[in-house]
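Nothing in this text is a laboratory measurement; each read-out follows from the coordinates by a stated rule. This is a predicted model, so every value here is computed, not measured. Cβ coordinates were reconstructed from backbone atoms using ideal geometry, including for glycine residues, and neighbour counts include every protein chain displayed.
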Ligand SMILES: C[S@@+](CC[C@H](N)C(=O)[O-])C[C@H]1O[C@@H](n2cnc3c(N)ncnc32)[C@H](O)[C@@H]1O
């Protein structure tokens, strides 16, 4: 087996706008011998890759099936044994819902040198698009990055545990069934009138921002993917900018003390 000489860079591509890439990401794309990228990476960013580099879309179907994580890990190992600079390009930030943990474990086990280059995660790009201050001190002092997707073991998200933190929720992969998600959040302890904002294609052409409430979200058609849902008092900038609306966070009326009080 060839000796491992290459370095793998797990690079964040940000939410899509090429101007949001880090300088380091651009430099690595121009240097890389091989780039393995996710499906969500925009064409403008892919155009920065050195023209003679090998480019593999690992988010695409290959011979009628998607590559498994184990197959991607094997590709990283294969190229690290043959090339100098390998970029594993991931949407947003590699460490947020990007399966970087599995790749880090595989690279470590194989004795391959690697570095991580952060990117703008889509929760922050979405907050920017919606002009939402995620930690407006009148309303929230923490943020939870969550996903509406079930975990790999099939375990459902425990919304009541997350809601109980009174954090602003940034929900990745909200799916198409807003009625179901809205119901789960209300069952988890939020009130129907809690503001929420859906941001579709943040920073990309066709970006859309929909401001609503949890109750109304249930009757809303899903926005085009990729989309992210921000939930909590901070999600309504109108409320933030009116000092008369400022609330004492301790008397916040957006959260029910007992989730079973849903209809009170
Ligand atoms: C597998 S996760 C990857 C997250 C990524 N690592 C990050 O840090 O943003 C994919 C989800 O990120 C969100 N997402 C990615 N790009 C987005 C964008 N431009 N606008 C809104 N949401 C986006 C969507 O919720 C999408 O379903």
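Counting only alpha carbon atoms, the long axis of helix 100-109 and the longest principal axis of the chain meet at about 30°. Each of 173, 191 was scored by other Cβ atoms within 10 Å of its Cβ. Listed from fewest to most, they are 173, 191.
By the equivalent-ellipsoid construction on the alpha carbon gyration tensor, the stretch 7-117 comes out with semi-axes of 19, 16, 14 Å, ordered largest to smallest.
The helix-based estimate of mean residue ellipticity at 222 nm for the chain, built from -39,500 (n - 2.57) per DSSP H run of four or more residues and divided by its residue count, is -6500 deg cm²/dmol to the nearest 500.
Taking only the C-alpha atoms of the stretch 114-223, the Rg (one decimal) and the largest Cα-Cα distance, Dmax (whole number), read 14.3, 46 Å.
Tell me the angle of helix 178-187 to the major Cα principal axis of the chain, expressed in degrees between 0 and 90 and rounded to the nearest ten. The angle comes out at about 60 degrees.
Please work out the FRET efficiency for the pair residue 219 and residue 33, using the Cβ-Cβ distance as r and a Förster radius of 30 Å; give the result to the nearest 0.05. It would help to have the intermediate numbers written out before the result.
Numbers: r = 51 Å, r/R0 = 1.70.
So, using R0 = 30 Å, E works out to roughly 0.05.
Once each part is reduced to its C-alpha centroid, what is the distance from the stretch 195-225 to the stretch 136-192 in angstrom? Using only Cα atoms to place each centre, the spacing works out to 15 Å. When peptides 218-226, 193-201 are sorted by average Cβ neighbour count within 10 Å, with the highest value leading, the order is 193-201, 218-226. For the pair residue 158 and residue 192, what calculated FRET efficiency results from E = 1/(1 + (r/R0)^6), where r is the Cβ-Cβ distance and R0 = 25 Å, to the nearest 0.05? Once rounded, the FRET efficiency stands at 0.75.
Counting pairs of Cα atoms in the stretch 34-89, how many percent are more than 14 Å apart? Summing the P(r) tail past 14 Å for the stretch 34-89 gives 54 percent.
Note on the chain: with a GNM built from Cα contacts shorter than 10 Å, the maximum mean-square fluctuation among 192, 177, 17 falls on 177. Restricted to Cα atoms, the chain shows a radius of gyration and a Dmax of 20.6, 69 angstrom.
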